[in-house]
Amino acid sequence: MIKKLTVIILAVLLMLSAFPLAFAAGTPTITVSSATAMPGETINLKVSLSNNPGINTFAFGFDYDTTRLNLVDVTLADGAEGSLTYVQKAIWIKTTKTNSSYDTTYNGDYLNLEFKVLDNAATGDAPVAVTYTQGDISNENEEDVDFALVAGKVTVTTNAQTSGVITVSSATAAPGETVNLKVSISDNPGINTFALGFDYDTTRLNLVDVTLADGAEGSLTYVQKAIWIKTTKTNGSYDTTYNGDYLNLEFKVLDNAAAGDASVAVTYTQGDISNENEEDVDFSLVAGKVTVAISPILPTGDAKITVATVIAKAGQEVEVPITMENNPGVIGVGLRVAYDNALTLVSVTDGGVLGGTMHGTNYNKNPYYLNWANDTATSNITENGVIATLRFKVADDAADGVYAVSLSYDNDDFEIFNYDAETVEFNLAAGGVEVKAYTVGDVDGNGRVNAQDRLILSRYIAQWDGFAERIEDMRAADIDGNGRVNAQDRLILSRYIAQWDGYSSYFEV
């Protein structure tokens, strides 16, 4: 014990500098649990919801290490109301009213994921994550409900020894804000000391401080590493088996942080966690993240600038228009355009609505700066429409999901003003690029949308034997994207194939 304490103190004296955050509580979060198993075993993970604002339906996909795991079944957890159907996606809906609402604010376990660990699975961590796209989670008013996602994992081991789990929480914040994440321990076998490092996205975040969480005993020193030790005995032992929050991580979101997810992970090396007998104690690690969301200025009027959301596949180039509505009259517009790192800005085209000359920065700059100036104009410009079109290249390895493109201005360096040099405020609506690895309507996955897809979909809806297996990706059959595959999808597909006006928008890629 004395030897270990001496080593810790010396390590602290050799380290330099410190860093700080405030807690963005209440973020709706979907969390996958973690577990340890051996090759050939069956293991169950839980998908739980916290800070649920009220939902009526969801459609979840699952991204996991197929070289180690096989997803056998997905079932509704005990205590979760509603009904569940699992065919490639877990589609859940609450069809009964509680307290005059079809929504539920239930927090806790919703799904059981049953995995078989492959017989030839290599040892190590097999990540398991929930996936969803815009429109997959909604309330009874059919309004989208957004959740932060925390992945879990199955640690494949060659022996029956289990380890504890160290988990970093997740939160959402805007550029310039401070935000707190929690580092918690579960399945703690008994530890006396640890020295933890932190790996995070330095292009978006700065770690300001690390402090001991309420309820965690022992003492903490933070100088580049968080060094914790328990120096008093409890029940005759210097070890603690306490489970819960151990650390508070205070982050500052950088002022120029791009919209998107900034990962935050705990790191340690062999010997950094030990018990009172100076024996190493191993832990599985679950990373968290800070989702950077651009906070718009919210005026009282209905003037609005909107970034569209468009659909693309990984590796494609796609155009994203920015549109102005209910323009009360301007002669100068300055905007920051922040976008996810999975997108590369290729070009920007002036929409011609705002007059003068559009000025921008280097395409490699994120945020990208857009500016229109008409200082010699004799009256306000009141036109509406597409003010600019952004062309992005989607990363070749981009996973399915929505990659944000957002706007901001601050009435300082980037402002919007009229002929009388008065500030004009606009609502700003973010959009982005929704990446899908499938083509809507291509039910059989052969690269074409035609009458054969309609036939397969019709027979699947009619519950013909063998036709569920003929659907390559259930998301392609969910034509209207509401999380359900039903007769309405068949109708839209039929009208699209028959070239009815107004139905092609469902199938644009």
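Listing for the model above:
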read-out	value
Residue satisfying condition, being over 17 Å from the mean Cα position of the chain (by Cα) and of a type outside the set (A, V, I, L, M), within set Tyr403, Tyr409	Tyr409
Among (1) part of a helix (DSSP H, G or I); (2) at positive phi, the one test that Tyr496 misses	(2)
Residue list for the range 240-285, filter: hydrophobic (A, V, I, L, M, F, W, C), more than 30 Å from Ala338 (Cα to Cα) and surrounded by fewer than 17 Cβ atoms within 10 Å (Cβ to Cβ)	none
Flag if Thr96 is assigned to a loop (DSSP other than H, G, I, E, B), surrounded by fewer than 19 Cβ atoms within 10 Å (Cβ to Cβ), more than 22 Å from the chain's Cα centre (by Cα) and in contact (Cβ under 8 Å) with a residue 12 or more places away in the chain	yes
Criterion (more than 29 Å from the chain's Cα centre (by Cα), surrounded by 21 or more Cβ atoms within 10 Å (Cβ to Cβ) and at pLDDT 90 or above) met by exactly one of Phe198, Phe194	Phe194
Answer from Arg459, Arg448 - the residue that is modelled with pLDDT of 90 or more and open to solvent by 60 Å² or more (accessible area, probe 1.4 Å)	Arg459
Ser219 surrounded by fewer than 16 Cβ atoms within 10 Å (Cβ to Cβ) and under 22 Å from Phe251 (Cα atoms)	yes
Leu45 surrounded by 18 or more Cβ atoms within 10 Å (Cβ to Cβ) and within 21 Å of Leu149 (Cα to Cα)	yes
Output for the range 418-445, where each listed residue is charged (D, E, K, R), open to solvent by less than 40 Å² (accessible area, probe 1.4 Å), part of a loop (DSSP other than H, G, I, E, B) and touching a residue at least 60 places away in the same chain (Cβ under 8 Å)	Lys436
Residue match in the range 454-471 (condition: under 26 Å from Asn56 (Cα atoms), more than 30 Å from the chain's Cα centre (by Cα) and assigned to a loop (DSSP other than H, G, I, E, B))	yes
Index of the failed condition, Ile227 passing every other in (1) at pLDDT 85 or above; (2) open to solvent by 30 Å² or more (accessible area, probe 1.4 Å); (3) among the aliphatic types (A, V, I, L, M); (4) farther than 23 Å from Lys365 by Cβ	(2)
Checking Leu493 against (1) surrounded by 17 or more Cβ atoms within 10 Å (Cβ to Cβ); (2) in contact with a Ser or Thr (Cβ under 8 Å, 6 or more places away or on another chain); (3) farther than 30 Å from Tyr339 by Cβ, the condition it does not meet	(2)
Residue list for the range 361-375, restricted to those being modelled with pLDDT of 85 or more and outside any strand (DSSP E or B)	Tyr363, Asn364, Lys365, Asn366, Pro367, Asn374
Filter result (within 25 Å of Val290 (Cα to Cα) and not acidic (Asp, Glu)) within the range 337-362	Val337, Ala338, Tyr339, Asn341, Ala342, Leu343, Thr344, Leu345
Options Val346, Val320, Val333, Val353; residue that is open to solvent by 10 Å² or more (accessible area, probe 1.4 Å), part of a strand (DSSP E or B) and among the hydrophobic types (A, V, I, L, M, F, W, C)	Val346
Some residue of the range 134-154 being among the polar types (S, T, N, Q), open to solvent by less than 30 Å² (accessible area, probe 1.4 Å) and closer than 27 Å to Ala35 by Cβ	no
Count - residues of the range 361-377 that are touching a residue at least 12 places away in the same chain (Cβ under 8 Å) and over 29 Å from the mean Cα position of the chain (by Cα)	6
Cβ-Cβ under 7 Å pairs, at least 6 apart or on other chains, the range 235-259 side more than 20 Å from Ile166 (Cα to Cα), far side polar (S, T, N, Q) and not in a loop (DSSP other than H, G, I, E, B)	Lys252/Thr178; Lys252/Asn206; Leu254/Asn206; Ala259/Ser406
Test: residue in the range 14-35 that is part of a helix (DSSP H, G or I), modelled with pLDDT under 90 and more than 30 Å from Glu472 (Cβ to Cβ)	yes
Pairs where the first residue, in the range 378-405, is over 15 Å from Thr323 (Cβ atoms) and the second is in a loop (DSSP other than H, G, I, E, B) and acidic (Asp, Glu), C-beta under 7 Å, 6+ apart	Tyr403/Asp340; Ala404/Asp340
The range 166-179 - residue that is surrounded by 21 or more Cβ atoms within 10 Å (Cβ to Cβ) and at pLDDT 90 or above and, of those, nearest to the chain's Cα centre (by Cα)	Ser169
Of all residues in the range 252-284 being under 18 Å from the mean Cα position of the chain (by Cα) and not in a loop (DSSP other than H, G, I, E, B), the one that is modelled with the lowest pLDDT	Gly260
So Ala421, is it at positive phi and small (Gly, Ala, Ser)	yes
Extreme residue, farthest from Ala404 (Cα to Cα), among residues of the range 104-130 that are surrounded by fewer than 17 Cβ atoms within 10 Å (Cβ to Cβ) and of a type in the set (Ser, Thr, Tyr)	Thr123
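This table checks each residue for (1) closer than 16 Å to Ala35 by Cβ; (2) open to solvent by 30 Å² or more (accessible area, probe 1.4 Å); (3) assigned to a strand (DSSP E or B).
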position: Asn52; (1), (2), (3): no, no, no
position: Phe58; (1), (2), (3): no, no, yes
position: Gly61; (1), (2), (3): no, no, yes
position: Thr67; (1), (2), (3): no, yes, no
position: Val74; (1), (2), (3): yes, no, yes
position: Ala80; (1), (2), (3): no, no, no
position: Thr85; (1), (2), (3): no, yes, yes
position: Ile91; (1), (2), (3): no, yes, yes
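The values are calculated or read from the model by the stated rules, or taken from the named source; none is laboratory data. Quantities reported herein were computed from a predicted structural model and do not represent experimental measurements. FYI the Cβ positions are ideal-geometry reconstructions off the backbone, even for glycines, and counts take in every protein chain you see. Protein only, heavy atoms only, side chains kept; ligands, DNA and RNA dropped before computing areas. Shrake-Rupley method; radii C 1.70, N 1.55, O 1.52, S 1.80 Å.
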